[in-house]
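Report on the following structure.
The values are calculated or read from the model by the stated rules, or taken from the named source; none is laboratory data. Remember, it's a predicted structure, so these values are computed and weren't measured experimentally. No Cβ is skipped: glycine too gets one built from the backbone with ideal geometry, and neighbour counts run over all protein chains shown. What goes into the accessible areas is simple: the full protein's heavy atoms, side chains included, and nothing from ligands, DNA or RNA. Shrake-Rupley method; radii C 1.70, N 1.55, O 1.52, S 1.80 Å.
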Amino acid sequence: MIRYIFTLACVLASSLTFAAEPLPGTSLLQEERPLDVVMVEGIDRFALTELAQSRELRESRWRPDYRTLDAYEKSLLPARQRFAEIIGVVDRRVKPTGIELIGTTESPSLVAQSSRFTIHAVRWRVLQGVTAEGLLLKPSDKPIARVVALGDADWTPEMLAGLQPGATPFAAELAAQGCEVLVPTLINRDSTFSANSTIGRKTNLTHREFIYRQAFEMGRHVIGYEVQKVVAAVDQFELRNQSIPLPIAVVGVSEGGLLALYSAAIDTRIDAAIVSGYFDERESIWNEPIYRNVWNLLSEFGDSELAGLIAPRFLFIETNAAIPVVDAPPTGDRKVAAPGVIQRLKKASAGREARRASLHWSRLRAELGELDTIKSLIQSPDETEPSPPLQPEILNQWLGQIAGTDIRGSIGFTDLSSDARVGFSPQDRQRRQVQELVDYTQRILQLSHRVRERRFSALDRQSVEKWAASAEPLRQQIWQQLFGQLPTPTMSPNPRSRKILDTPDFTGYEVVLDVYPEVIAAGILLLPKGMRADEKRPVVVCQHGLEGQPMDTISGPDSSGYRAYKSFSAELVRRGFIVYAPQNPYRGKDAFRTLQRKSNPLGRSLFSYIIPQHLVTLRWLADLPNVDSERIAFYGLSYGGKTAMRVPPMLPTGGNEPGYCLSICSADFNEWVAKNASTDAPFSYLWTGEYEIFEWNMGHLANYAELGMLMTPRPFMVERGHDDGVGIDEWVAWEYAKIRRHYNKLGIGDRTEIEFFNGPHTINGERTYEFLHNHLSFDNQTLPTDE
């Protein structure tokens with residue numbers, strides 16, 4: 001049998017010949033630009049518009065109870081808990097037992113001293129196996145406050161303590177004024193330890209992005225881990241306050257300013273905070289480093305709303321600080337890091353956000369009067385030029401407020417001795433801190449299957465019908481929390497088309513449908529020739545992979561995509577199926593990857609758009625005269641296989657909307673959570689440039705086994721080449737076995753299968769074609785042909 005061969009040159013010639021012919025029932029498509037570009041640019045505009053409008057959404061949701069301060073705090077408790085969850089502060093901290101001094105017989109804990117304070121090397125326990133490590137500055141006299149000092153990510157504790165140059169030594173200044181100060185080491189932006197030499201993997205990921213990638217998949221975050229370290233320091237201060245009660249404060253610059261803001265928003269035991277060089281409008285957070293990306297943040301929490309969680313406590317915002325500028329990720333042998341910059345605050349936007357924040361304190365005073373318990377929000381003058389952060393006059397003004405004393409001038413610490421430690425290495429300390437978080441996250445990864453299994457094992461398996469009914473709430477939860485669910489499209493699809501193919505076996509039309517304002521669905525419809533007017537046939541939706549186009553699934557051996565796709569759309573239409581090859585928006589490298597960045601802050605992902613695109617496409621296909629709306633199947637390769645695991649499970653048949661009756665995942669099925677989060681797999685996405693691939697808390701919501709189960713009772717198949725580098729057979733078989741067992745237990749084991757074949761990352765087109773014919777109850781229409 002000779003497979004259908006169709007070259008790209010013929011396709012282009014056909015598109016010119018038939019440009020004026022639309023499909024009956026549609027208007028003429030006149031768009032001249034490539035439809036993938038139109039699609040990606042449209043989604044980009046939609047996402048940016050939604051971000052711009054999110055401020056009004058947040059303001060409409062901000063509804064505290066102002067009757068009393070107690071009522072105010074209680075009304076904000078649910079928001080405080082939601083904020084903690086989205087930054088990954090969900091694990092129980094270990095019980096504080098005291099700050100540990102780090103020392104040996106050769107190198108005691110005392111690092112340096114002055115007449116005003118001493119400095120010790122310390123650590124304190126945070127989570128099981130996770131510590132914070134840094135410096136403790138102890139004033140010589142009775143302390144007046146306890147402070148957690150947080151510098152920029154690339155500033156060491158020694159810089160803040162005045163032992164090394166490179167940063168404002170505000171921790172030393174606070175200690176000289178009488179504060180007890182803890183200075184934790186932050187995960188920095190170097191890339192030395194973003195590697196695994198055992199498997200030969202090294203990257204240019206900053207340590208922050210390295211932790212972010214694996215943690216994000218598990219519902220954790222590098223930000224959340226470091227907030228836990230700050231809050232654990234507060235635990236230690238609370239323990240010390242049992243003997244001498246003192247106010248507790250956090251002070252931070254740049255990355256440390258973010259952590260100070262977030263920590264004070266979560267922990268009401270923190271009496272005061274300084275946020276220097278960070279507080280601003282966040283609608284452009286997508287342009288900042290990806291380790292600042294927080295799922296669903298801007299649906300509820302801009303910086304001013306976080307300030308509202310701090311009110312009525314004391315907050316000082318310094319907007320004119322000259323913070324370090326970050327232009328690009330580190331250079332390296334394997335450049336896979338996400339783009340992102342940190343710039344100095346813009347006076348106008350930072351000032352606007354600070355003024356919004358001040359309204360929380362104003363409203364409290366307006367409602368409750370000038371109570372002593374209502375402190376202040378103070379903003380540094382925004383008309384001054386940028387200056388080094390947290391100068392003594394700023395610290396003194398702030399410290400006088402929280403300590404209730406009049407503090408003037410800079411006492412100084414000119415007599416501070418040099419670092420006395422022998423053989424101390426800040427790089428070794430950074431390595432320990434990075435490795436602790438890697439080990440902790442990998443342990444969560446190893447245990448996450450128990451959470452998923454517990455949730456799915458609770459469903460009713462007495463019958464297929466009962467299982468499907470009991471699974472529906474989980475389907476909706478996964479759609480909302482994992483992919484992000486947009487409102488169901490209601491606008492007219494306004495179908496436009498033009499004929500681009502006319503062969504002896506089929507006709508092809510390029511199609512565009514409207515989904516949302518600025519958002520289109522597009523693809524190529526292939527109609528077999530010779531269909532009777534009253535004949536109903538099944539449809540196979542054939543999905544391209546990463547950076548692909550619909551024509552890749554149609555074109556023959558002369559095309560660049562033939563090796564992977566093997567013209568499977570053309571082959572299936574030649575067998576008599578109606579075929580639709582959609583354009584998905586994962587094309588254009590950073591142009592599409594930043595769509596994920598622009599969507600995540602509102603609890604959305606690339607599939608927030610792809611699922612509605614397919615829903616609108618299904619509606620349109622179901623109304624075509626020759627389409628059997630109950631027999632529309634999905635078959636996708638690579639990123640199209642990723643689509644096969646996310647779109648058909650969310651769009652079932654049998655409801656008010658059309659759905660996919662079958663799904664085939666080719667060259668993608670995997671132990672997907674581990675593929676994203678594992679540091680030990682050489683094919684893990686930790687080592688590649690697909691920075692958009694990570695999905696918030698997938699490890700605890702649904703892996704591929706659970707997504708496959710949501711196809712029940714519809715047929716589901718996996719196509720897997722032994723030499724496909726996306727994974728290994730053992731991982732694929734492990735994950736698929738759960739689906740097979742599930743189907744078997746429900747008595748429908750004949751509706752699922754897996755085909756292993758000798759081959760690479762490609763369509764095989766053997767058992768999958770038989771699977772389609774069998775489960776769509778449609779015979780192969782190809783006439784026997786001699787080779």
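A few notes on this one:
- Taking the criterion of being touching a residue at least 24 places away in the same chain (Cβ under 8 Å) and among the acidic types (Asp, Glu), the only residue of the stretch 421-437 that qualifies is Glu436.
- Residue count, the stretch 746-765 (criterion: within 18 Å of Tyr639 (Cβ to Cβ) and in a strand (DSSP E or B)): 0
- Residues (part of a loop (DSSP other than H, G, I, E, B) and under 22 Å from Arg587 (Cα atoms)) located in the stretch 679-696: Phe683, Ser684, Thr688, Gly689, Glu690, Tyr691, Glu692, Ile693, Phe694, Glu695, Trp696
- Within the stretch 80-101, the residues that satisfy the criterion of being crowded, with 18+ Cβ neighbours inside 10 Å and either hydrophobic (A, V, I, L, M, F, W, C) or farther than 19 Å from Glu226 by Cα (or both) are Phe83, Ala84, Ile86, Ile87, Val89, Ile99.
- Whether a residue is under 28 Å from Ile554 (Cβ atoms), surrounded by 19 or more Cβ atoms within 10 Å (Cβ to Cβ), of a type in the set (Asp, Glu) and at pLDDT 95 or above was assessed, and Glu518 does not pass this test.
- Among the residues of the stretch 499-535, those identified as out of contact with any helix residue (DSSP H, G or I) (no Cβ under 6 Å at 6 or more places or on another chain) and among the hydrophobic types (A, V, I, L, M, F, W, C) are Val511, Val512, Leu525, Leu527, Met531, Ala533.
- A count restricted to the stretch 168-205 and to residues that are touching an Asp or Glu at 6+ places or on another chain (Cβ under 8 Å) and closer than 30 Å to Pro247 by Cβ stands at 6.
- Taking the numbered list (1) in a helix (DSSP H, G or I); (2) open to solvent by less than 20 Å² (accessible area, probe 1.4 Å); (3) modelled with pLDDT under 90 in turn, Phe6 passes all entries but (1).
- Single residue of the stretch 323-364 satisfying the filter (modelled with pLDDT of 90 or more, surrounded by fewer than 16 Cβ atoms within 10 Å (Cβ to Cβ) and aliphatic (A, V, I, L, M)) that is nearest to Val253 (Cα to Cα): Val325
- Odd one out for Ala591 among (1) closer than 29 Å to Asn287 by Cβ; (2) aliphatic (A, V, I, L, M); (3) buried (at least 24 other Cβ atoms within 10 Å of the Cβ): (3)
- Leu445 being closer than 30 Å to Phe46 by Cβ and part of a helix (DSSP H, G or I): no
- With respect to the conditions (1) open to solvent by 30 Å² or more (accessible area, probe 1.4 Å); (2) under 31 Å from the mean Cα position of the chain (by Cα), Glu367 lacks only one, and its number is (2).
- Of Ser107, Ser54, Ser60, all but one fail to be hydroxyl-bearing (Ser, Thr, Tyr) and either modelled with pLDDT of 95 or more or in contact with a Pro (Cβ under 9 Å, 6 or more places away or on another chain) (or both); the exception is Ser54.
- When residues of the stretch 471-487 are limited to those that are more than 14 Å from the chain's Cα centre (by Cα) and part of a loop (DSSP other than H, G, I, E, B), the one nearest to Ala458 (Cα to Cα): Gln485
- Within the stretch 420-431, the residues that satisfy the criterion of being surrounded by 14 or more Cβ atoms within 10 Å (Cβ to Cβ), within 15 Å of Ala121 (Cα to Cα) and modelled with pLDDT of 95 or more are Pro426, Arg429, Gln430.
- Among (1) among the basic types (Lys, Arg); (2) open to solvent by less than 40 Å² (accessible area, probe 1.4 Å); (3) without any contact (Cβ under 8 Å) to a residue 40 or more places away in the chain, the one test that Arg720 misses: (3)
- When the stretch 363-404 is filtered for residues that are assigned to a loop (DSSP other than H, G, I, E, B) and touching a Ser or Thr at 6+ places or on another chain (Cβ under 8 Å), the ones remaining, listed by number, are Ser380, Asp382, Pro388, Pro389, Leu390, Gln391.
- Hey, Gly42 in a loop (DSSP other than H, G, I, E, B) and open to solvent by less than 20 Å² (accessible area, probe 1.4 Å) or not: no
- Scanning the stretch 454-469 for residues that are of a type outside the set (A, V, I, L, M), over 24 Å from Phe607 (Cα atoms) and in a helix (DSSP H, G or I) returns Arg454, Ser457, Glu465, Lys466, Trp467.
- Residues satisfying the stated conditions in the stretch 335-362, i.e. in a loop (DSSP other than H, G, I, E, B) and without any contact (Cβ under 8 Å) to a residue 24 or more places away in the chain: Gln343
- Any hit, the stretch 635-649, residues being free of Cβ contacts under 8 Å to residues at least 60 places away in the same chain, of a type outside the set (Val, Ile, Thr), in a strand (DSSP E or B) and open to solvent by less than 10 Å² (accessible area, probe 1.4 Å): no
- Cβ-Cβ under 7 Å pairs, at least 6 apart or on other chains, the stretch 513-536 side more than 17 Å from Glu31 (Cα to Cα), far side among the hydroxyl-bearing types (Ser, Thr, Tyr) and not in a strand (DSSP E or B): Leu526/Ser569
- Flag if Ala622 is open to solvent by 10 Å² or more (accessible area, probe 1.4 Å) and of a type in the set (Gly, Ala, Ser): yes
- Selection within the stretch 63-79 - within 16 Å of Glu300 (Cα to Cα) and either small (Gly, Ala, Ser) or buried (at least 16 other Cβ atoms within 10 Å of the Cβ) (or both): Pro64, Ser75, Leu76, Ala79
- Contacts under 8 angstrom Cβ, first residue in the stretch 246-274 being on the phi > 0 side of the Ramachandran plot, partner among the β-branched types (Val, Ile, Thr) and part of a strand (DSSP E or B), 6 or more apart: Ser254/Ile342
- Among (1) of a type in the set (Asp, Glu); (2) closer than 14 Å to Val253 by Cβ; (3) open to solvent by less than 10 Å² (accessible area, probe 1.4 Å) - the single one Asp154 does not satisfy: (3)
- Of all residues in the stretch 169-208, those being farther than 22 Å from Lys229 by Cα, surrounded by fewer than 24 Cβ atoms within 10 Å (Cβ to Cβ), within 34 Å of the chain's Cα centre (by Cα) and not hydrophobic (A, V, I, L, M, F, W, C) number 8.
- When Lys675, Lys642 are checked against the criterion of being of a type in the set (D, E, K, R) and within 23 Å of Leu513 (Cβ to Cβ), Lys642 stands alone in meeting it.
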